[in-house]
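Below is one structure, written out as structure tokens; comments come after it.
The values are calculated or read from the model by the stated rules, or taken from the named source; none is laboratory data. For clarity, every value in this text was computed on a predicted model and none was experimentally measured. We place every Cβ from the backbone using ideal geometry, glycine too, and count neighbours over all the protein chains shown.
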Amino acid sequence: MIFYDRRHAGIELAKKVSKLNFDKKNTVVLGIWRGGVQVAFEVAKLLQLPLDVLIIEKIRAPYFSNISLGVISEGGEVFYNTKSIENVGYKRSEIGLLKDSSLKVVNKISESLRREYAQIPLKGKDIILIDDGIVFENVIENVLEILKLKKVKKVFIATPVASLDVISYFKNNMQDFAVININPMMTMEEYYQDFSPVSIEDTIDILSEFSSSQNFIYFEKILIEDLEIKLKGTIVKSEKIKSWIIYSNPGEKNEESFDRSFFKDLTNAGYAILILEDLESKQLEIAVKWLMKNKLYKISTPICLCGAVAKSLGSNISNLSLFAILNINDRLDIMNKKTLSSIYLPVLSLINQEALEVIEGTKIAAEVLPNSQIAILSKSERNQGKLVEYIIQWFDSHLPDNRTESWYSVT
């Protein structure tokens, strides 16, 4: 079959992929950058599965551009092809400069893509791995090593075009695969009428198109460790993120005990959420640093604090990378006045109308806090989803470079 372009190939490939025995509730479609992403887009869209990019770069030998000496992944891991290195007469110690050149390419792509499109956690997932064509088995072998390192559950490989050697490799290694064309006579490019090079901008455009048509939300349990402190929590996020919320969940022991729909509504508004239980000030500091340094979640978006926040408001909070605080039904007056007076971040307290003691305590704290507001919510407002609406409006209005006059008046 001859394809008009990569997207046409993806439409046809989706028919084959749909027959594979993957877990439809626990599968991510992974397009290999460059050309694999456009093919993967159509597969993910038609099968209604999440889509992400596997950013890799081959280590290429001078004068042997078709030979891969190894592969570098987005995390900086290097996987060498020993046989290829020996065939071109190199020693592994001699390819340092070639490796560094490929690493720069990977870092440039990652920096461009991950500003808006964070990596999807792959641990424990079924993966449908897609490229626009697979000619050399040693490259795909390296890619499978990368996915093994990510502790995925099972990998299914799909491509519009594969060589006989690759098909033999799949069969010998009992690898599940879907292929349309096996190319004993033609080059891979000859199966496409349009085989134009794929740029970073093309990839961003395809991810943007996919993101606007789908909104997959992920719940992932995480563990943050810092010396003797261990924090168990949950990440809730979708593909596109404008800001992170660190949410202090009062006394909740596990993911099932909180209202998933509440967090989904926040995620649909563009907020990724790190949920932690009864967060104290030192733990908040650790959580912020972890979020900013973690390779998987490190993106250029600001962070805010939400939930039962009284225990979190230590004297060091102004030194953290936070831009706003939203307190939900927690008595801020339990904090000493000196600490409260040092918090210059904007603080909004949302209090249930029937919680009279909390209202009085919060009013006392508001007199000391330099930049504080209070909103009282009736039961009917809470039932109508006003809590989520207030949270979104408050944080949206205080996003850096997006500050507007507040919607709230002090009660």
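Observations on the structure shown:
- Residues in the range 340-385 that are assigned to a loop (DSSP other than H, G, I, E, B) and of a type in the set (D, E, K, R): 354, 367.
- The residues of the range 340-380 that are of a type in the set (Val, Ile, Thr) and under 19 Å from residue 248 (Cα atoms), listed by number, are 343, 347, 351, 358, 362, 374.
- Residue list for the range 84-125, restricted to those being of a type in the set (Lys, Arg), outside any loop (DSSP other than H, G, I, E, B) and either at pLDDT below 85 or outside the structural domain of residue 150 (by TED's automatic domain parsing) (or both): 92, 99
- Filter result for residue 196 (closer than 20 Å to residue 59 by Cβ, among the hydroxyl-bearing types (Ser, Thr, Tyr) and assigned by TED's automatic domain parsing to the domain that holds residue 74): no
- Filter result (within 15 Å of residue 372 (Cα to Cα), among the polar types (S, T, N, Q) and not in a strand (DSSP E or B)) within the range 309-339: 318, 329, 339
- Condition met for residue 71 (assigned by TED's automatic domain parsing to the domain that holds residue 152, surrounded by 19 or more Cβ atoms within 10 Å (Cβ to Cβ) and within 17 Å of the chain's Cα centre (by Cα)): no
- Check on residue 168, in a helix (DSSP H, G or I), small (Gly, Ala, Ser) and over 21 Å from the mean Cα position of the chain (by Cα): yes
- In the set 30, 13, only one residue is in the same structural domain as residue 136 (by TED's automatic domain parsing), part of a strand (DSSP E or B) and either among the small types (Gly, Ala, Ser) or buried (at least 22 other Cβ atoms within 10 Å of the Cβ) (or both); that residue is 30.
- Counted residues, the range 33-83 - those being in a helix (DSSP H, G or I), touching a residue at least 40 places away in the same chain (Cβ under 8 Å) and over 21 Å from residue 160 (Cβ atoms): 1
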